[in-house]
Amino acid sequence: MPLNPQTERFVLHFGEMGSRWGVNRTVGQIYALLFLAPQPLHADDIAEALGFSRSNVSMGLKELQSWRLVKLVHQVGDRRDYFEAPQDVWEIFRILMEEKRKREIDPTLTLLRDTLLAPPAGASEAYAQQRMREMLELIELCTGWFDEVHRLPPETLQSLMKLGTKVQKVLDFAGKLRGRE
């Protein structure tokens, strides 16, 4: 099944972006193909469409499953495993944010908290701990905000995001009102 030019361009781009997002090019391309596929695909279809070996496709699918970005589905009368990406782009966004947090943010928080438990041994360690404390506070503020936003229904989150700079204007106005009181 040859890819049409638009699909091929999208798939190639996602391969390039995947390497910037911490997954290899193959994984990015597999995901892009599944994202655009109107029906679930089995590994042989993916390998043929992308020109990858079956083993590379299998490894890529396992990685995408570990990220919860593809799921395994079965079709009646067919013993092969089929794979599909979630249909809802907001669900994909939430999954990506959850996985990035679990893999990157949470270990950093753990390291910072553990490091700050020890008393500093001198002035340079005290300074380093102060900087780490500032980083910890910022990350905790951001993750607290993420937790609040994560609980919002997609429609509310979309409305909030569409507000954009209007939120800043409201906050500026509220600050000016507080300054006059």
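For region 37-80, which residues satisfy the criterion of being in a helix (DSSP H, G or I) and of a type in the set (D, E, K, R)? First the steps, then the outcome.
Filtering region 37-80 down to residues in a helix (DSSP H, G or I) leaves 43-50, 54-66.
Correct list: Asp44, Asp45, Glu48, Arg54, Lys62, Glu63.
Name the single residue that is farthest from Gly51 (Cα to Cα) among those in region 3-36 being open to solvent by 80 Å² or more (accessible area, probe 1.4 Å) and in a helix (DSSP H, G or I).
Here the answer is Arg20.
Looking at region 96-154, which of its residues are outside any helix (DSSP H, G or I), out of contact with any helix residue (DSSP H, G or I) (no Cβ under 7 Å at 6 or more places or on another chain) and more than 30 Å from Val70 (Cα to Cα)?
Ala118, Pro119, Ala121, Gly122
Please work out which one of (1) open to solvent by 90 Å² or more (accessible area, probe 1.4 Å); (2) without any contact (Cβ under 8 Å) to a residue 24 or more places away in the chain; (3) of a type outside the set (S, T, N, Q) is the condition Arg80 fails and give its number.
The single condition Arg80 does not satisfy is (2).
Given (1) under 29 Å from Val23 (Cα atoms); (2) open to solvent by less than 80 Å² (accessible area, probe 1.4 Å), where does Gly122 come up short, assuming only one miss?
All conditions are met except number (1).
Going by what's in this entry, would Arg113 be described as over 29 Å from Val23 (Cα atoms), open to solvent by 90 Å² or more (accessible area, probe 1.4 Å), modelled with pLDDT of 95 or more and not β-branched (Val, Ile, Thr)? Steps first, please.
Values: over 29 Å from Val23 (Cα atoms): no; open to solvent by 90 Å² or more (accessible area, probe 1.4 Å): yes; modelled with pLDDT of 95 or more: yes; not β-branched (Val, Ile, Thr): yes.
Answer is no for this residue.
The values are calculated or read from the model by the stated rules, or taken from the named source; none is laboratory data. All figures in this text were calculated on a predicted structure; none of them were measured in a lab. We place every Cβ from the backbone using ideal geometry, glycine too, and count neighbours over all the protein chains shown. Heads up: the accessible areas ignore ligands, DNA and RNA and are worked out on the full protein's heavy atoms, side chains in. Shrake-Rupley method; radii C 1.70, N 1.55, O 1.52, S 1.80 Å.
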